[in-house]
1. State the extension gain, in nm to one decimal, for the chain segment bounded by residue 90 and residue 150, taking 0.36 nm per residue of separation less the distance between their alpha-carbons.
2. Along Cα→Cβ, 7 Å out, is where each label goes; now give me the distance between the ones at residue 51 and residue 140 in nm to one decimal.
3. Grab the Cα-Cα distance for residue 83 and residue 115, subtract it from 0.36 nm times how many residues apart they are, and report the gain in nm with one decimal.
4. Can you sort 56, 175, 220 from fewest to most other Cβ atoms within 10 Å of each residue's own Cβ?
5. Please report Rg over Rh for the stretch 24-77, where both radii come from the alpha carbon positions and Rh follows the Kirkwood definition.
6. Could you work out how much longer the chain between residue 213 and residue 41 gets when fully extended? Use 0.36 nm per residue separation minus the Cα distance between them, nm to one decimal.
7. Under a plain spin-label model, where a point goes 7 Å from the Cα along Cα-to-Cβ, how far apart in nm are residue 167 and residue 123?
8. Fewest to most neighbouring Cβ within 10 Å: what's the order for 156, 222, 139?
């Protein structure tokens with residue numbers, strides 16, 4: 001099985017677009033969603049992003065980072081190490097370099113089947129990945145919530161519709177990824193033998209089957225990971 005889940009987008013082929021649009025965002029939704037994992041279901045109170053809407057990060061994400069991610073329950077105790085960049089767009093908003101970040105993760109996961117990743121030039125909410133065996137993966141963000149809790153905590157939740165195309169058929173599924181980022185405490189930095197500023201994160205993910213099969217979709221797979229973002233050192 002191909003697996004790729006990210007802090008800036010999600011591109012994870014699995015083998016289920018249902019959500020409620022809101023005009024008013026209620027901050028309690030993300031805290032409730034996190035506390036109820038893994039007992040998630042769709043539809044949920046996601047806000048549909050417009051064609052050009054992107055996920056906007058707090059200023060403390062700016063720059064280049066080395067990211068270490070460890071999946072909970074992975075007995076091999078292996079971490080995936082990749083790079084991530086966050087930069088300001090023409091509107092002065094801090095966004096993820098989605099193409100760079102996704103490609104870096106996809107190429108560094110164990111037994112990767114990814115060959116290339118490209119953004120849709122017309123929208124930051126779509127990506128295309130070329131896979132081995134003449135397959136490709138199309139992903140589209142169809143729901144999003146985000147909230148800066150305070151100066152130290154930022155939570156995001158994105159729902160992605162993904163289509164895995166192969167010679168024989170195309171498979172459709174949905175992936176929800178909620179990530180809580182926070183500034184690592186001094187004690188955590190000492191344990192990590194890091195003196196610089198770092199970001200600690202917990203990531204919760206649920207994979208749903210093809211949309212439209214049932215009024216309520218339950219996860220067919222869930223997983224949780226811990227991430228550490230450390231500033232990239234320039235030699």
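1. 19.1 nm is the gain from fully extending residue 90 to residue 150.
2. Distance between label points: 1.2 nm.
3. Length gained between residue 83 and residue 115: 9.8 nm.
4. Neighbour counts put them in this order, fewest first: 220, 56, 175.
5. Computed over Cα atoms, the ratio is 1.05.
6. Full extension of this stretch gives 60.6 nm more.
7. It works out to 3.0 nm between the two label points.
8. Ascending number of Cβ neighbours within 10 Å: 222, 156, 139.
Values quoted throughout were computed directly from the atomic coordinates according to the rules given, and no laboratory measurement underlies them. Since we're looking at a predicted model, the values are computed, not measured. Ideal geometry is used to build each Cβ from the backbone, glycine not excepted, and the neighbour counts take in all protein chains shown.
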